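Have a look at the structure below, then the notes.
The values are calculated or read from the model by the stated rules, or taken from the named source; none is laboratory data. Small disclaimer: the values here were computed from a predicted structure and weren't measured. Cβ sites come from the backbone with ideal geometry, for glycine too, and all protein chains shown count toward neighbours. Each accessible area value is taken on the protein alone, full model and side chains, heavy atoms only, with ligands, DNA and RNA left out. Shrake-Rupley method; radii C 1.70, N 1.55, O 1.52, S 1.80 Å.
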Amino acid sequence: AYVASNVVLTADSLSVASTADSSKATSSVNVISVHLGGGAGANAHATVSGTTEAYVGGSGSTLSTTGKLSVTAQTSDALATATSTLGSGGVIDVAVALANATDSSSTNASIAAGTTIAHSGRIEVTSDAKDRANANGHVASGGVVAGRGIDARATVTPTSQAYIADHVTIASDGDVTL
């Protein structure tokens, strides 16, 4: 959500909000393998990415409010889940389960570069993100000679930023909160 460049706006208040209520990715692999000799594997990947963004202004924009000017970006629930389940058996058996879950979402709220806020009663720029990742691996195997392994990795590397960019002019009667 945004109010773009080259806008002249006068209002009692201005609220710009962008919300991602739910951003989820799920991957589930279930394998059963029976053999005389050999191996089996299961590999699950789940990735959540994307951007939730709210901003006002830009080059040539002049905004004026008598009340509150607020810019809010929120990701309420970002979740990547990968589950790899493997059952394997044989005289000679090797079983490996891999699970990778990654959340690399971005949540950004800003007053864009080159904006002039000629007047405002109060300014709030807020960014809030709730990012998670779960990776689960399960292996059951058996044999005269058997080996098994699990590699489950959950990586959460989101960005959540609230900022006022370069070359912004602000005249506010109240607080400016980031």
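Checking the structure you have, find out if any residue of region 55-65 is in a strand (DSSP E or B), polar (S, T, N, Q), at pLDDT below 95 and farther than 18 Å from S127 by Cα. No. T102 passes every criterion in (1) surrounded by fewer than 24 Cβ atoms within 10 Å (Cβ to Cβ); (2) closer than 30 Å to D12 by Cβ apart from (2). In the set T47, T19, only one residue is open to solvent by 40 Å² or more (accessible area, probe 1.4 Å), touching an Asp or Glu at 6+ places or on another chain (Cβ under 9 Å) and of a type outside the set (G, A, S); that residue is T47.
Would you check if T107 is within 26 Å of A42 (Cα to Cα), modelled with pLDDT of 95 or more, part of a strand (DSSP E or B) and open to solvent by less than 60 Å² (accessible area, probe 1.4 Å)? Considered against the rule, which asks whether it is within 26 Å of A42 (Cα to Cα), modelled with pLDDT of 95 or more, part of a strand (DSSP E or B) and open to solvent by less than 60 Å² (accessible area, probe 1.4 Å), T107 comes out as no.
Scanning region 142-162 for residues that are surrounded by fewer than 13 Cβ atoms within 10 Å (Cβ to Cβ) and in a loop (DSSP other than H, G, I, E, B) returns V144, T157.
Every test in (1) open to solvent by less than 50 Å² (accessible area, probe 1.4 Å); (2) over 26 Å from G38 (Cβ atoms) is passed by A118 save one, and that test is (1). When every residue of region 59-75 is checked against the conditions, at least one turns out to be surrounded by fewer than 14 Cβ atoms within 10 Å (Cβ to Cβ) and under 18 Å from A165 (Cα atoms).
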